[in-house]
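Following: one structure in structure tokens, then a few remarks.
The values are calculated or read from the model by the stated rules, or taken from the named source; none is laboratory data. It should be emphasised that the depicted structure is a prediction, and the values quoted were computed from it without experimental measurement. Please note: Cβ atoms are built from the backbone with ideal geometry, for glycine as well, and neighbour counts cover all protein chains shown.
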Amino acid sequence: MAKANDFINIGISIYGTLICLIKLFGYRQVGKLKRSNSANFENMLRAECAMLVFVFLANVFPYIIMDVGTGLFLANCCYAFVYFAYYVLLTAFVYFATEYISKETGNRIKPAPYTFPVALISAAIWVISAFNGMVVDTAGRFISRGPLYGLGQIGGYLLIIEPFYYIMKYRKSLDRKNMVLLSTFVVLPLMGVVLRSVYPGIVYMPFMILLSIILVDNTIRYEQEVLIISQQESLAKTRIRVMLSQIKPHFLYNVLNSIYVLCEQNPEKAQEAVGDFSEYLRANLNYIEEEDNIAFTKEMELVRHYLSLEKIRFEDKLNVVYDLKLNGFKLPALSVEVLAENAVKHGLLKKEEGGTVTIRSYLEYNNCAVIVVEDDGVGFTKEDLEDKGKKHVGLDNLRERLSSMVGGTLDIESIAGEGTRATIRIPLVDSVIMLEGNDEYHSS
């Protein structure tokens, strides 16, 4: 039976040591991203790893050392290190728990003044006990209670109860998850004590503490992942808000400039344009500020308003063709409007006789919504993509929004003198697709 217990202790200690080393290696790899409190958690891991290593050695020495007395002495030395590492771990846990509770509750909590003295005295008592058996008698391999077992437990209980006191004191500010998380360092070691009294021979304490550490570590990593995701979403929305703030004034300026020109050339049409523009603002101004995706049909309302205003200004120089075979999906606001505006301003209006803007939508074979904005204007070359060293901010912003909001792409193809084609592709993984008939509209 003794050998079976030894082998169980050896096997579990090896497995536990590997887990601790892997977790410590992981913390080292992300050292620059660590929060301050993780230093205390790393100390807990180091102490736990030391405990498991010395449990392993204590159970191995009696088998590999030929001299029985020497083997038992070395085993007792190993248990002395186990006890010392245990109190180092408890001290690190007190500091970890108080800092963790401080962060979660907003209260400034510090470990009690007795923490270090109690830890040092208790560690000294247990280290001495490893050789004289006054608290726990290992007899080299067998674990049994010594005459001062109850007294030797006081220090450990004081250290464990300290963070448990803060849990109870600030329980209204802690959610249930935090309370259960920290309480495992009280409950699981106590379960180890109960198991040891029922079935002696197994060194339960390091193994039960390891379970607590794994639970705490997994919870911390989950909280960090949630925090990172939340920060990324907040950053993405901020960037989108900035992008839209750049696009909105640009769009409004162009519409108002068109009306301004009409006021001089054709007052009656200018009045009509003002009416259209005022209706546009009343119905759709909120959509321009929309940070989430909007329905493609809503986007096309914006596009039709814009092109109608441009049509009033440029008359026969601007023709528009709509060929919309797919409507039931969402996309970032102003996605198509930006491309339609570019087609008019940079494509058709630089061509003396003007031309046609064609807007098509359809479902591609790979389950992608495709929107094509095409013109037969002047086109451009790759060298034309940079105007006096300045990049086209509108297209860069559109690519960024498509990528971050719907996982979409934007491709631009152009031939100088023939025209430009802009193609948006949006994967329809989670979208509800609504196929409609050829909703074609011609404006000539």
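Descriptive notes on the structure:
- Test: residue in region 104-115 that is in the same structural domain as V186 (by TED's automatic domain parsing) and buried (at least 21 other Cβ atoms within 10 Å of the Cβ): no
- Which listed residue, of A112, A50, A75, A119, is of a type outside the set (K, R) and outside any helix (DSSP H, G or I): A112
- Residue count for region 334-365, restricted to those that are under 41 Å from the mean Cα position of the chain (by Cα) and over 20 Å from I412 (Cβ atoms): 2
- N319 vs. criteria part of a helix (DSSP H, G or I), polar (S, T, N, Q) and at pLDDT 85 or above: no
- Unique residue being of a type in the set (S, T, N, Q) and at pLDDT 70 or above when the list is Q265, Q246, Q231: Q265
- Of all residues in region 158-178, those that are without any contact (Cβ under 8 Å) to a residue 24 or more places away in the chain, in a helix (DSSP H, G or I) and either among the acidic types (D, E) or over 18 Å from K110 (Cα atoms) (or both) total 1.
- Considering the conditions (1) of a type in the set (F, W, Y); (2) touching a strand residue (DSSP E or B) at 6+ places or on another chain (Cβ under 6 Å); (3) part of a loop (DSSP other than H, G, I, E, B), Y365 is excluded by exactly one of them, (2).
- Among the residues making up region 57-67, those that are surrounded by fewer than 20 Cβ atoms within 10 Å (Cβ to Cβ) and of a type outside the set (D, E) are L57, V60, P62, Y63, I64, I65, M66.
- Restricting the first member to region 62-75 and to residues that are farther than 19 Å from V127 by Cβ, and the second to residues that are exposed (fewer than 10 other Cβ atoms within 10 Å of the Cβ), the beta-carbon pairs closer than 9 Å and six or more apart or on different chains are G71/I64.
- Candidates V53, V60, V88, V82 - the one that is among the aliphatic types (A, V, I, L, M), over 27 Å from the mean Cα position of the chain (by Cα), at pLDDT 80 or above and more than 26 Å from Y199 (Cβ to Cβ): V88
- K325 vs. criteria at pLDDT 80 or above, in a helix (DSSP H, G or I) and either over 22 Å from G408 (Cβ atoms) or under 39 Å from the mean Cα position of the chain (by Cα) (or both): no
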